[in-house]
Amino acid sequence: MSRARVARRIATAAAYGGGSIGLIGGAAAGLLLTEVRLAKRLVGGSGDVPPRADGRYGSAFAHRTDEPPLRLGFLGDSTAAGQGVRRARETPGALLASGLAAVAERPVRLVNVALPGAKSDDLQRQVSLLLDSSIPPPDVVVIMIGANDVTRRVPLAASVRLLSDAVRRLRDAGAQVVVGTCPDLGSVEPVYQPLRWLARRASRQLAAAQTIAVVGLGGRTVSLGDLLGPEFEARPRELFGPDNFHPSAEGYATAAMAVLPTLCASLGLWPEADEQPDARRGEGFLPVAKAAVAAASEGGTEVTPAAAGTGPRGRWALLKRRRRRPLDDAATEERAGEDAAGGPSGADAGGAGGTTGDAAHRSA
């Protein structure tokens, strides 16, 4: 069975309430569990609380516009929370808030309700925190989820269905949604064969199925692949953190740099010329299942709904390999006239964004 067909089956089972499609077969599961026990001795995992980065970014742009700050929400697991770094400005939420502010030339208010260790079944709680009726709904939301579903053997269809429910609620609230799909756990260096192969297969199956579901709901996805591929494979000591599992500060910057163009494009802030597919970069329109499988195997690849919608072969999507904007440039612009060295300033940390962040962390 082709990988595209497998991904379609998983997404279809999720849509119709099926949950029996597992990550791996029974015999392989026993082998996987044995290998996981061995891998845990090498992959430490971090128990540190991620730094809190909620608040306003890009205050230097406030005098240029009368528009209110853009509202950016962050949901997901330890990667979304920024596990493994010590400074707020090094978390993916802060990096993307700074980058978005620089591109939009407008302040951005970040609310991050991600929870380390979360599986997809925690997304409904996180969405409820983000859609608190006491504050305006977010303009755009980034979700990073899936790694814990793989390691804890959550059935693929159930995982995708839970993500779909969260995306649907956010879209109904008027938010744009960008999902960083399940990372390729086969890229975690201390994990050996056959666990590496099984983890890679399960991760990519889930990532492809996530893409089909999210695109069907009008969202966009960016493949985190093997935590953005060649860079991590070539320099694992630099891009993975001390626990050999979560990214380092430079690793998070690499991932955020790939997500930023899609985040901006979802709000109509990216140059129109870059919205057209470039055949020289291998971009183009494909049936959504084929686009999803292609993206799952290549980190940093975006899949977005095609304007044409559906065709004889079902729903179509646009596969994009966007040019990345160096986050150093965006951060330099954003910090002009603003002290963002430790995240948002004390004055900015109050108000709606800071209050919501406090409530989210107490609930977590």
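Residue-by-condition table, conditions (1) within 23 Å of LEU96 (Cβ to Cβ); (2) at pLDDT below 90; (3) out of contact with any His (no Cβ under 6 Å at 6 or more places or on another chain):
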site	(1), (2), (3)
ALA147	yes, yes, yes
ARG153	no, yes, yes
ALA157	no, no, yes
VAL160	no, no, yes
LEU163	yes, no, yes
GLY174	yes, no, yes
VAL179	yes, no, yes
ASP184	yes, yes, yes
SER187	yes, yes, yes
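Return a yes/no flag: does the range 134-143 have any residue that is surrounded by 24 or more Cβ atoms within 10 Å (Cβ to Cβ), within 22 Å of GLN205 (Cα to Cα), touching a residue at least 12 places away in the same chain (Cβ under 8 Å) and not charged (D, E, K, R). Checked against the condition, which is being surrounded by 24 or more Cβ atoms within 10 Å (Cβ to Cβ), within 22 Å of GLN205 (Cα to Cα), touching a residue at least 12 places away in the same chain (Cβ under 8 Å) and not charged (D, E, K, R), the range 134-143 yields at least one hit. All conditions but one from (1) over 13 Å from the mean Cα position of the chain (by Cα); (2) modelled with pLDDT of 95 or more apply to GLY93; the one that does not is (1).
Hey, among the residues in the range 70-90 that are crowded, with 24+ Cβ neighbours inside 10 Å and modelled with pLDDT of 95 or more, which one's farthest from SER159 (Cα to Cα)? My answer is LEU72.
The values are calculated or read from the model by the stated rules, or taken from the named source; none is laboratory data. None of the values given here were measured: they were computed from a predicted structure. Note that we place each Cβ from the backbone using ideal geometry, even for glycine, and neighbour counts take in every protein chain shown.
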